[in-house]
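The values are calculated or read from the model by the stated rules, or taken from the named source; none is laboratory data. No experiment lies behind these values; they were computed from the predicted model shown. Using ideal geometry, Cβ is built from the backbone for each residue, glycine included, and neighbour counts are taken over all protein chains shown. Quick note on the areas: whole protein, heavy atoms, side chains included, nothing else; ligands and nucleic acids left out. Shrake-Rupley method; radii C 1.70, N 1.55, O 1.52, S 1.80 Å.
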Amino acid sequence: MCGICGKFNFDPEKKVSPRLVKAMADMIQHRGPDDEGFFVSGPVGLGFRRLSIIDLQTGHQPLSNEDGSVWIVFNGEIYNYLELRTFLQSKGHVFKTQTDTEVIVHLYEEMGEKCVEQLRGMFAFAIWNGREKTLFLARDRVGIKPLYYWLSDRSLIFASEIKALLADPEVESELAPEMIDRFLAFYYVPGEETLLRNIFKLAPGSCMVVRDGKAQIKEY
């Protein structure tokens, strides 16, 4: 199953607290009891809880490219990762693990945001591009893997479950009463909204690019 979380402060001088990222990851420990990992660098922090399935020895996350300029946290499974791995090796990419996670990293290096169009599987992931100072989030076409977020004029906070978002004091847990009837009618909240105001789901088949304090969501 696995779980991901993270925060991106738009003010480059405002550092993300490693303690906060750890607290967020602890809230979703049940999603990944086998391992945990963190990447914190200035205004960005990524957290991960792992359920080990592929490459049990070297599949630790967050995982980076060769020079550490691109980092990923990933929840899911890529069905065509071996095919993509062969393609990427032919382009000169060097792999250090056998994971499908690393395939996404190098595919992003090769194709940028269009990498998501080549993926076949169930997934939710976040990629931090340290050179361009951008955060890239994506969710699979069917929406099998969850991805929630809180967006303000100060930061973007994301996680596999809402409870991890609420570990950040910046996130307000205000009930959205107009969503209750939808939940009672369908036993879930359809669309991108949730039972809490200003906490949203990234829609299936969508990705988000956060750059220069602005977030753009688009379908792929």
Inset, instruction - Could you pull the accessible area for Cys2 with a 1.4 Å probe, rounded to 10 Å²? - result: 20 Å²
Legend entry - Karplus-derived 3J(HN,Hα), 6.51/-1.76/1.60, for each residue of region 128-143, Hz, glycine and proline x: 9, 9, x, 6, 8, 6, 10, 10, 10, 10, 8, 9, 5, 5, 8, x
Legend entry - Loop-located GluC sites (Glu not before Pro) in region 123-220 whose Cβ has at most 16 other Cβ within 10 Å (DSSP): Glu132, Glu170, Glu172, Glu174, Glu192
Legend entry - Rounded accessible area of Phe183 (nearest 10 Å², 1.4 Å probe): 80 Å²
Legend entry - Largest to smallest accessible area among Met27, Met179 [probe 1.4 Å]: Met27, Met179
Inset, instruction - Could I have the simple spin-label model distance between Val94 and Tyr187, label points 7 Å from Cα toward Cβ, reported in nm to one decimal? - result: 5.2 nm
Inset, instruction - Return P(r) of region 61-103 (all Cα-Cα pairs; 10 Å bins starting at 0; whole %; ordered from short to long distances). - result: 28, 58, 14
Legend entry - Spin-label pair Glu132/Asp67, simplified geometry with 7 Å Cα→Cβ offset, distance in nm: 1.5 nm
Legend entry - Distance violations [Cα-Cα > 24 Å] among Lys133/Lys163; Lys15/Lys218; Lys145/Lys218: Lys133/Lys163; Lys15/Lys218
Inset, instruction - List the trypsin sites (Lys or Arg not before Pro) within region 146-220 that fall in a DSSP loop (any state other than H, G, I, E or B) and whose Cβ has at most 16 other Cβ atoms within 10 Å. - result: Arg154, Arg197
Legend entry - Sorted largest first, extent of region 121-220 alpha carbons per principal axis (Å): 45, 33, 19
Inset, instruction - Sum -39500 (n - 2.57) across every DSSP H segment of at least 4 residues in the chain, then divide by the residue count to get the 222 nm mean residue ellipticity, nearest 500. - result: -5500 deg cm²/dmol
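Would you work out the relative contact order for the chain, in percent, from Cα pairs under 8 angstrom that are 6 or more residues apart?
20 percent
For Gln118 and Lys14, calculate 0.36 nm times their separation in residues minus their Cα-Cα distance, and state this gained length in nm to one decimal.
On the way: separation 104, 0.36 × 104 = 37.44 nm, distance 3.49 nm.
Between Gln118 and Lys14, full extension yields 33.9 nm more.
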Legend entry - Exposure ranking of Asp212, Asp11 by accessible area [1.4 Å probe, largest first]: Asp212, Asp11
Legend entry - Vicinal HN-Hα couplings computed from phi for region 7-19 (Karplus, 6.51 cos²θ - 1.76 cosθ + 1.60; Hz; Gly/Pro x): 8, 10, 7, 6, 7, x, 8, 8, 7, 7, 7, x, 5
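Going through region 1-106, which trypsin sites (Lys or Arg not before Pro) have at most 15 other Cβ atoms within 10 Å and a DSSP loop state?
Passing sites in region 1-106 are Lys14, Lys15, Lys91, Lys96.
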Inset, instruction - Run the quick spin-label model on Leu82 and Glu170: label points 7 Å from Cα toward the beta carbon, then report their separation in nm to one decimal. - result: 4.2 nm
